[in-house]
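Participant: The structure under discussion is supplied below as structure tokens; questions concerning it will follow.
The values are calculated or read from the model by the stated rules, or taken from the named source; none is laboratory data. Since we're looking at a predicted model, the values are computed, not measured. Cβ sites come from the backbone with ideal geometry, for glycine too, and all protein chains shown count toward neighbours.
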Amino acid sequence: MYPVTQSQASFISGGKSIRLDSFLSSANGKAFPAVVALHGSGGGHTTMSEPATLLARHGFAVYVLHYFDRTGTTFADKQTIFRNFPLWMKTLWDALSHVEKQALVDPKRIGLLGFSLGAYLSLSNAGIDSRVQAVVEFFGGLPKEMKLFVRRIPPVLILHGESDPTVPVEEAYHLQQVLEGKGVPYEMQIYPGIGHSFTGEIWRDAGLRTLAFLKKHLGQSSDSSGTQV
């Protein structure tokens with residue numbers, strides 16, 4: 001595993017300064033697959049440090065996106081989400097444009113990791129942005145309106161609690177139907193009796209599934225000669 005350093009940078013989207021928490025390996029001469037991570041409607045970007053660190057230790061350049069910076073949001077209810085979803089989508093697009101230019105990033109191997117609202121944004125973006133090569137979505141879904149605009153979807157890992165009261169598990173099954181209809185590779189784990197957050201052994205299992213899925217579809221880091229490490 002790699003040593004990890006954490007820092008914060010920013011970029012401009014819609015005239016606003018948008019923060020990115022970076023979790024990067026200090027290894028030299030490596031081109032890392034990148035993962036842009038998105039929190040849910042409660043904000044909570046600080047809770048992303050654990051999964052971000054896990055992925056960074058295994059050879060991913062991870063960027064936690066403060067997409068609420070675009071709209072000055074601290075908590076998003078349904079009206080706020082409806083009003084700002086397009087702006088957050090554009091912010092995510094701009095974040096990918098920033099990340100793909102980073103020296104340690106292999107721009108051909110970028111994935112998204114989204115939680116709840118962040119998962120909806122990740123899947124929506126992946127449906128129109130060919131730069132995204134894989135999506136891991138925790139208890140989210142694909143907005144039904146996006147079915148009209150989806151041009152392509154990369155491989156997806158679906159992780160959902162069967163008893164989720166916030167985002168019903170039917171959202172996971174709807175996404176499954178869309179992926180199967182388009183012939184998109186996917187993996188899916190529905191956790192019986194689990195609600196809208198994962199803890200303990202469920203969280204650990206989901207983390208291991210996430211790591212394995214991203215390794216499978218984004219690959220390991222490589223040195224400048226292209227040798228896998």
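Participant: Is it the case, given these coordinates, that Leu55 is buried (at least 24 other Cβ atoms within 10 Å of the Cβ) and more than 24 Å from Met146 (Cα to Cα)? Working first, answer last.
Facilitator: Details: buried (at least 24 other Cβ atoms within 10 Å of the Cβ): yes; more than 24 Å from Met146 (Cα to Cα): yes.
So Leu55 fits the description; yes.
Participant: Okay, moving on. What are the residues in region 135-155 that are surrounded by fewer than 23 Cβ atoms within 10 Å (Cβ to Cβ) and either touching a residue at least 12 places away in the same chain (Cβ under 8 Å) or under 18 Å from Leu92 (Cβ atoms) (or both), if any? Working first, answer last.
Facilitator: Filtering region 135-155 down to residues surrounded by fewer than 23 Cβ atoms within 10 Å (Cβ to Cβ) leaves 143-155.
Across region 135-155, the qualifying residues are Pro143, Lys144, Glu145, Met146, Lys147, Phe149, Val150, Arg151, Arg152, Ile153, Pro154, Pro155.
Participant: Would you confirm whether any residue within region 156-167 is assigned to a loop (DSSP other than H, G, I, E, B), touching a strand residue (DSSP E or B) at 6+ places or on another chain (Cβ under 6 Å), closer than 23 Å to Pro192 by Cα and touching a residue at least 24 places away in the same chain (Cβ under 8 Å)?
Facilitator: First, pick out the residues of region 156-167 that are assigned to a loop (DSSP other than H, G, I, E, B): 162-167.
The next check asks that each one be touching a strand residue (DSSP E or B) at 6+ places or on another chain (Cβ under 6 Å); those that pass are 162.
Okay, now just the ones that are also closer than 23 Å to Pro192 by Cα, so 162.
Among the residues that remain, those that are also touching a residue at least 24 places away in the same chain (Cβ under 8 Å) are: 162.
Looking through region 156-167, at least one residue is assigned to a loop (DSSP other than H, G, I, E, B), touching a strand residue (DSSP E or B) at 6+ places or on another chain (Cβ under 6 Å), closer than 23 Å to Pro192 by Cα and touching a residue at least 24 places away in the same chain (Cβ under 8 Å).
Participant: What residue, of Tyr67, Tyr63, is under 13 Å from Ser13 (Cβ atoms) and within 17 Å of the chain's Cα centre (by Cα)?
Facilitator: Details: Tyr63 fails: under 13 Å from Ser13 (Cβ atoms).
The conditions single out Tyr67.
Participant: Somewhere in region 40-59, is a residue in contact with a Ser or Thr (Cβ under 9 Å, 6 or more places away or on another chain), closer than 22 Å to Ile81 by Cβ and modelled with pLDDT of 95 or more?
Facilitator: Yes, the conditions are met somewhere in region 40-59.
Participant: Any residue in region 6-28 that is assigned to a strand (DSSP E or B), at pLDDT below 95, basic (Lys, Arg) and surrounded by 14 or more Cβ atoms within 10 Å (Cβ to Cβ)?
Facilitator: no
Participant: Under the condition of being surrounded by 19 or more Cβ atoms within 10 Å (Cβ to Cβ), small (Gly, Ala, Ser) and under 26 Å from Lys78 (Cα atoms), which residue from region 29-47 is farthest from the chain's Cα centre (by Cα)?
Facilitator: The qualifying residue farthest from the chain's Cα centre (by Cα) is Ser41.
Yes/no matrix, rows are residues, columns are (1) assigned to a helix (DSSP H, G or I); (2) surrounded by 20 or more Cβ atoms within 10 Å (Cβ to Cβ); (3) within 17 Å of the chain's Cα centre (by Cα):
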position	(1), (2), (3)
Gly111	no, yes, yes
Gly118	yes, yes, yes
Leu121	yes, yes, yes
Ser124	yes, yes, yes
Ser130	no, no, yes
Leu175	yes, yes, yes
Gly181	yes, no, no
Glu187	no, no, yes
Glu201	yes, no, no
